[in-house]
Every structure is written in structure tokens, then in C-alpha cells.
Amino acid sequence: MEKAAKYEIDNINPADIDQILAIENASFPSPWPRQIFEREIDAANSYKRAIRFSGSVVAYIVTWTIYDEVHILNIAVHPDFRKIGLGEMLLRDCLDFSYDRGLKLAVLEVRTSNNSAIKLYEKIGFKTLRVRKKYYSDTNEDAYVMSYELKSDTE
């Protein structure tokens, strides 16, 4: 995590969308289109943050708040910046923010083949609740539904 100290986390803004789309397209078989990111920037129930390095977006996360839960919709790190702790930094920032807002639970779906993401989620403390069969329509791949009970670092 030492290397990640020179990175800054900030809110996503409209000028970031092109950089986010490049990361999105490099990260997912069915990337979100521009319109979804544009809509999320203005959504009140959406948490959207990016990690910047020298002014460029190198990672991002988008979530929704539903009742007392944070639903992690999308998180990705630029291929050139993977394996140095940025995904963990961004996810922990999101979980801390959500806890501070009084939310109780974090929920996400992840492709059953996405071993690096699953490893990260389990490292943080997410637990697999169940499998959603053929959740991803692009490949008919199953998804794990994972959850994490939000708590402060001192609990």
C-alpha cells in the first residue's frame, strides 16, 4: 500500500468520462456506455469516486445507496496500475464513507471467474452469500453475490 500513498481520491466529474471509458473498455467484456456514467454523475444516491495519479484517472468506483445498503455497481483499475493496492484503497474509502453515512451493509456481484476481484473482496471481509446463475447476459456466466457488514475500523 506504500506505493498508493501518492495517489489521491476525488469525486468523478464530467471531464473524467473519457478516461473512465478507456479503463471500462479495457476491464470488462460488456462495458458500460458513456450515458450511464453521465447519468451517475448527477444521481443523488450514487457514490462515484476516482483515484488520480498526476491528474489522470487510474481507477474508479460507482455505487448506489438503497435504504441502508451500499450496492457496488462498478469498480475498475487501469491495467497499467493494477496489483499496487488501488482497488483496495478505493473500496475501503467507499466502505468508510458508507459507514459514516449510517449504512449497514455493502453488496456486490462478481463474475465467478474474476479471481483477482474475489480475492480482494475476501481480503477486505466480504462473504459469498449465493450464486446467481447466468447473471451476466453477455456470457451467461454466473455471479457470486457477496456482502460485507459495515463497521468502523475500531469495532
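The values are calculated or read from the model by the stated rules, or taken from the named source; none is laboratory data. The shown structure was predicted, so the numbers you read here are calculated from the model rather than taken from an experiment. Note: ideal-geometry Cβ built from the backbone for every residue, glycine included; neighbour counts use all protein chains shown.
The residues listed here are LEU150, LEU95, LEU86, LEU108; of these, the one that is touching a His at 6+ places or on another chain (Cβ under 8 Å) and under 27 Å from GLU8 (Cβ atoms) is LEU108. Scanning segment 74-114 for residues that are among the charged types (D, E, K, R) and at positive phi yields a count of 1. Would it be correct to say that GLY125 is under 16 Å from the mean Cα position of the chain (by Cα), exposed (fewer than 15 other Cβ atoms within 10 Å of the Cβ) and farther than 26 Å from GLN19 by Cβ? Spelling it out, GLY125 is indeed under 16 Å from the mean Cα position of the chain (by Cα), exposed (fewer than 15 other Cβ atoms within 10 Å of the Cβ) and farther than 26 Å from GLN19 by Cβ. Scanning segment 27-48 for residues that are touching a residue at least 24 places away in the same chain (Cβ under 8 Å) and over 20 Å from GLU109 (Cβ atoms) yields GLU38, ILE41. Looking only at residues of segment 128-155 that are at pLDDT 95 or above and among the hydroxyl-bearing types (Ser, Thr, Tyr), we find that the one that is surrounded by the fewest Cβ atoms within 10 Å (Cβ to Cβ) is THR128. Note on segment 39-72: residues that are more than 18 Å from PRO14 (Cβ to Cβ), polar (S, T, N, Q) and over 10 Å from the mean Cα position of the chain (by Cα) total 3.
For segment 47-94, the tally of residues that are of a type in the set (Ser, Thr, Tyr) and either over 22 Å from ASP18 (Cα atoms) or surrounded by fewer than 16 Cβ atoms within 10 Å (Cβ to Cβ) (or both) stands at 4. The residue that is surrounded by the fewest Cβ atoms within 10 Å (Cβ to Cβ), among those in segment 95-106 that are farther than 13 Å from TYR121 by Cα and within 15 Å of the chain's Cα centre (by Cα), is ASP96. Only a single item in (1) in contact (Cβ under 8 Å) with a residue 12 or more places away in the chain; (2) over 21 Å from ARG49 (Cα atoms) is not met by TYR121, and it is number (2). When VAL107, VAL58, VAL70, VAL77 are checked against the criterion of being touching a Gly at 6+ places or on another chain (Cβ under 6 Å), hydrophobic (A, V, I, L, M, F, W, C) and at pLDDT 95 or above, a single residue qualifies: VAL77.
As for segment 35-43, it holds at least one residue that is closer than 14 Å to LEU73 by Cα and assigned to a loop (DSSP other than H, G, I, E, B).
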